[in-house]
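First comes the structure, then the notes that go with it.
The values are calculated or read from the model by the stated rules, or taken from the named source; none is laboratory data. Note that the coordinates shown come from a computational prediction; the quantities given were computed from them, not determined experimentally. With ideal geometry, Cβ positions are generated from the backbone for all residues, glycine too; neighbour counts draw on all protein chains shown. Protein only, heavy atoms only, side chains kept; ligands, DNA and RNA dropped before computing areas. Shrake-Rupley method; radii C 1.70, N 1.55, O 1.52, S 1.80 Å.
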Amino acid sequence: MQESVLSTENLKKSFGGLVVAEGIHFRVGKNEARCIIGPNGAGKTTFFNLVTGLLSSDSGSIRIENKDVTRLPVNERQKLGLVRTFQAPRIFPLFSVFDNVLLALQANRRFGSLIKCLFPNKNDTEEIQHAMEQTGLLHVSDRLAGSLSHGEKKRVEMAMAIVQKPKVLLMDEPTAGMTVKETQEIADLVNQIRRQMSVVIVEHDMEFVREIADVISVLYKGNLVREGTLHELENDPFIQEIYLGSVAL
Ligand SMILES: Nc1ncnc2c1ncn2[C@@H]1O[C@H](COP(=O)(O)OP(=O)(O)OP(=O)(O)O)[C@@H](O)[C@H]1O
């Protein structure tokens, strides 16, 4: 079996009496594009929060490749290659697009970062330009990030993630609030960047999921209830039932 880039074993979390992760076993392989779906409140964002370290788990373990990161803080996991984007893009609105990506590039460096932020070297500048080119942002490089459209802001956040060269990029509802055209652009981008990294995406838009996912994991009431292709899940009566009255597959 192919080595996992990211895996969890028996991951558990409760908020008081509410169980939001009930022993989740999850693994993602190299260069895989995985989607996580599930009805509202299933525990998808909580799972991301546990994996990235924003929340601590009650029990179970999380590994990046062979390293156990269960007790490591967010920034240490980030240094090991786990990078995340959020439902609402987290960018610096009063900085230019270039400077946003520059700050992200420096995020995992310790020494001399401030100086490098003020005076990026040729190598850094090329990496930033490459990330902006991949995300279609070169033409707005000098614009304030806060002045861009929602779809462009989302791509700034993706450029900030890509420039960190993650092993795994976790994206929480990347197409929320986007037009059909913007959604297609993000799907194309994901299909491009997965050659460089694994991608795990929480998503409700099934057309988007259809375009990018190799395998889909279904969360329901804190349980990982199914894993399979969209075709397999579409024809699964249990999945149809849990989505009834919620989101149609
Ligand atoms: N910090 C918290 N304290 C208490 N309950 C919480 C907390 N965070 C989430 N929950 C609850 O945990 C459950 C799972 O929430 P979560 O946001 O992970 O679901 P989700 O699958 O991402 O939903 P959606 O698709 O609506 O974003 C929900 O019932 C939510 O209200």
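Yes or no: the stretch 139-157 includes at least one residue that is under 22 Å from S7 (Cα atoms), surrounded by 15 or more Cβ atoms within 10 Å (Cβ to Cβ) and among the charged types (D, E, K, R). No - not one qualifying residue is present in the stretch 139-157.
Within the stretch 129-149, count every residue that is among the β-branched types (V, I, T) and more than 19 Å from R194 (Cβ to Cβ).
If we filter the stretch 129-149 for residues that are among the β-branched types (V, I, T), which is where we start, we get 135, 140.
Remaining after also requiring more than 19 Å from R194 (Cβ to Cβ): 140.
Residues flagged as among the β-branched types (V, I, T) and more than 19 Å from R194 (Cβ to Cβ) within the stretch 129-149 amount to 1.
Does P120 satisfy being open to solvent by 30 Å² or more (accessible area, probe 1.4 Å), farther than 27 Å from A213 by Cβ and assigned by TED's automatic domain parsing to the domain that holds I216? It is false that P120 is open to solvent by 30 Å² or more (accessible area, probe 1.4 Å), farther than 27 Å from A213 by Cβ and assigned by TED's automatic domain parsing to the domain that holds I216. Looking only at the stretch 212-234, how many residues end up being out of contact with any helix residue (DSSP H, G or I) (no Cβ under 6 Å at 6 or more places or on another chain) and part of a helix (DSSP H, G or I)? Looking only at that region, the number is 3. The one condition from (1) open to solvent by 50 Å² or more (accessible area, probe 1.4 Å); (2) at pLDDT below 95; (3) within 26 Å of E76 (Cβ to Cβ) that K167 does not meet is (2). The strands (runs of 3 or more DSSP E) found entirely in the stretch 1-109 that carry 2 or more residues being out of contact with any Cys (no Cβ under 8 Å at 6 or more places or on another chain), open to solvent by 30 Å² or more (accessible area, probe 1.4 Å) and within 12 Å of the ligand (Cβ to nearest atom) are 4-15, 18-29.
Looking only at residues that are more than 14 Å from the chain's Cα centre (by Cα) and in contact (Cβ under 8 Å) with a residue 40 or more places away in the chain in the stretch 181-195, which one is surrounded by the most Cβ atoms within 10 Å (Cβ to Cβ)? Looking at residues that are more than 14 Å from the chain's Cα centre (by Cα) and in contact (Cβ under 8 Å) with a residue 40 or more places away in the chain, I get E185.
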